[in-house]
Amino acid sequence: MNTIFANLPTTIFEVMSQAARDRQAINLGQGFPDDPGPEDVRAKAADATLNGYNQYPSMMGIPELRQAIADHYARFQGLKIDAPTEVMVTSGATEALAGAIFGMIEPGDEVVLFQPTYDAYVPLVLRAGGVPRYVALKPPHWTFTQEDLAGVFNEKTKLVLFNNPLNPSGIVYERSQLELLASFCEHFDVTAVCDEVWEHLVYDGRRHISMLELPNMRERTIKIGSAGKIFSLTGWKIGLVVAAPHLMKVIAKSHQFLTFTTPPNLQVAVAYGLGKEASYFDQMRANFQRSRDRFCKGLIERGFPVIASQGTYFVNVDIGQLGLEDDVAFCTKLVEHYGVAAIPVSAFYVQDHVRTVVRFCFAKKDETLDEGLRRLETAVADFKKERR
Ligand code: PMP
Ligand code: GLN
């Protein structure tokens with residue numbers, strides 16, 4: 001068997017969601033909303049299933065979705081994209097990541113990764129024969145410096161994987177950080193795989209800046225989006241890939257033997273959804289921001305040291321400040337004894353672990369958040385008693 005996969009643990013998202021199912025816990029672990037998602041988009045998918053074309057579509061995606069992706073990013077991110085040569089649809093951002101990584105690197109090539117690293121990145125890089133070089137980001141700011149990058153970029157670097165807004169940290173990088181990373185990509189002739197699946201989920205008036213917007217990165221960026229995130233329909237697994245034609249040609253070849261195509265009925269619905277008014281996206285953001293604020297207020301009132309969340313579905317707490325040292329032990333106890341699932345952030349580190357940060361998903365109905373908070377209150381009181 002292949003040792004990389006044989007030796008891997010099951011992903012923390014599955015482990016925690018299974019623990020939550022087993023114990024009927026409130027699942028604030030894996031990131032998904034407990035809302036059914038926009039009804040008009042789901043109705044389009046239903047109609048396309050009943051009345052549309054349900055055979056293999058083009059491996060690049062249906063033309064109307066590819067054009068809708070180009071138009072959507074022109075409207076929201078000011079990008080000029082040529083749909084026939086620069087856009088591809090994949091079965092989720094996860095497949096797009098695999099396609100990009102397998103398509104871009106040769107065994108022995110070095111790949112720069114930022115920790116906390118979204119869980120799919122490292123196994124895919126290793127399976128492609130890549131050699132990871134890690135930058136460890138630390139709470140509460142999770143930023144990186146010139147020295148951090150100088151320590152990992154060199155002539156052997158071929159790829160950098162950059163997730164912005166960053167899951168699990170919930171931060172949104174500013175242009176200056178993108179420019180710093182871009183300067184290293186340019187100097188060492190490195191391609192950036194930019195995982196921007198959380199692009200619409202940025203709060204407090206922030207604007208997501210795509211790496212593709214930086215002129216010196218236009219030809220060396222593979223931008224990855226996810227309709228699952230854009231429409232709060234995480235099970236749909238529709239990935240959106242944008243890259244210059246010379247990159248797209250290669251990633252398309254790798255995609256053709258991963259999944260080849262993606263369900264056309266869902267593509268029709270996503271094409272419709274991407275064309276929705278700006279007010280839809282503003283409202284969605286406002287709703288999640290409200291949930292974030294409600295949940296954070298509840299956490300703070302119960303004595304949890306909250307690390308500010310600027311985007312995504314997630315907020316983190318630093319349990320170190322409660323005198324606790326082990327995020328995995330904390331999360332295990334939380335789900336087993338108190339019926340709340342959360343994610344230990346150390347799962348996203350390979351080295352230089354941060355072990356006292358715990359991630360909660362706030363993309364839930366008020367009742368779910370309130371019940372979660374009620375259980376957390378009992379937990380935190382017990383943890384405090386145990387320390388006395
Ligand atoms: N990248 C990041 C950073 C994510 O958070 C996720 C899932 N939430 C994905 C990729 C995977 O997206 P998809 O479900 O479209 O495969
Ligand atoms: N991205 C989701 C999260 O961060 C989970 C996706 C998955 O389960 N692979 O929670």
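The values are calculated or read from the model by the stated rules, or taken from the named source; none is laboratory data. Remember, it's a predicted structure, so these values are computed and weren't measured experimentally. Counting neighbours? That spans all protein chains shown, and the Cβs are built from the backbone with ideal geometry, glycine included. The accessibility values were calculated without ligands, DNA or RNA, using every heavy atom of the protein model including side chains. Shrake-Rupley method; radii C 1.70, N 1.55, O 1.52, S 1.80 Å.
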Is segment 269-291 home to any residue that is in contact (Cβ under 8 Å) with a residue 40 or more places away in the chain, within 16 Å of ligand 2 (Cβ to nearest atom) and more than 30 Å from Glu64 (Cβ to Cβ)? yes
Does Gln321 count as over 30 Å from Phe231 (Cα atoms), outside any helix (DSSP H, G or I) and either at pLDDT 95 or above or open to solvent by 50 Å² or more (accessible area, probe 1.4 Å) (or both)? no
Any idea which residue in segment 22-46 is surrounded by the most Cβ atoms within 10 Å (Cβ to Cβ), counting only those that are closer than 16 Å to Tyr338 by Cβ and more than 16 Å from ligand 1 (Cβ to nearest atom)? Ile26
Please tell me if Ala100 is exposed (fewer than 14 other Cβ atoms within 10 Å of the Cβ) and either assigned to a helix (DSSP H, G or I) or within 18 Å of the chain's Cα centre (by Cα) (or both). no
So which helices (runs of 4 or more DSSP H) are wholly in segment 1-88 and hold at least 3 residues that are within 16 Å of ligand 2 (Cβ to nearest atom) and not small (Gly, Ala, Ser)? 12-23
Would you call Phe114 assigned to a strand (DSSP E or B), at negative phi and either at pLDDT 95 or above or away from ligand 1 (no atom under 14 Å from the Cβ) (or both)? yes
Can you pull out every residue in segment 111-135 that is small (Gly, Ala, Ser) and within 16 Å of ligand 2 (Cβ to nearest atom)? Ala120
So in segment 205-222, with the set limited to residues that are farther than 22 Å from Phe288 by Cβ and out of contact with any strand residue (DSSP E or B) (no Cβ under 7 Å at 6 or more places or on another chain), which one is surrounded by the most Cβ atoms within 10 Å (Cβ to Cβ)? Leu214
Go through segment 355-368 and report how many residues are open to solvent by less than 10 Å² (accessible area, probe 1.4 Å) and either over 27 Å from Gly37 (Cα atoms) or away from ligand 2 (no atom under 16 Å from the Cβ) (or both). 1
Does any residue of segment 247-260 turn out to be β-branched (Val, Ile, Thr) and touching a Phe, Trp or Tyr at 6+ places or on another chain (Cβ under 6 Å)? no
Mind checking which pairs have a first residue in segment 1-30 that is among the hydrophobic types (A, V, I, L, M, F, W, C) and a second that is in a helix (DSSP H, G or I) and open to solvent by 100 Å² or more (accessible area, probe 1.4 Å), Cβ under 7 Å, 6 or more apart or different chains? Ile4/Arg127
Among the candidates Gly61, Gly108, Gly78, single out the residue that is buried (at least 24 other Cβ atoms within 10 Å of the Cβ), at positive phi and of a type outside the set (Phe, Trp, Tyr). Gly61
Here is a list of conditions, (1) part of a helix (DSSP H, G or I); (2) more than 21 Å from Thr368 (Cβ to Cβ), and Leu299 meets all of them except one; can you say which number that is? (2)
Taking the criterion of being in contact with a helix residue (DSSP H, G or I) (Cβ under 6 Å, 6 or more places away or on another chain), open to solvent by less than 60 Å² (accessible area, probe 1.4 Å), within 16 Å of ligand 1 (Cβ to nearest atom) and of a type outside the set (Phe, Trp, Tyr), would at least one residue in segment 1-11 satisfy it? no
Could you pull out the residue among Leu65, Leu79, Leu97 that is within 16 Å of ligand 1 (Cβ to nearest atom) and more than 24 Å from Asn2 (Cβ to Cβ)? Leu65
Across (1) open to solvent by less than 30 Å² (accessible area, probe 1.4 Å); (2) without any contact (Cβ under 8 Å) to a residue 60 or more places away in the chain; (3) within 19 Å of Pro36 (Cα to Cα), Thr312 clears everything bar (2)
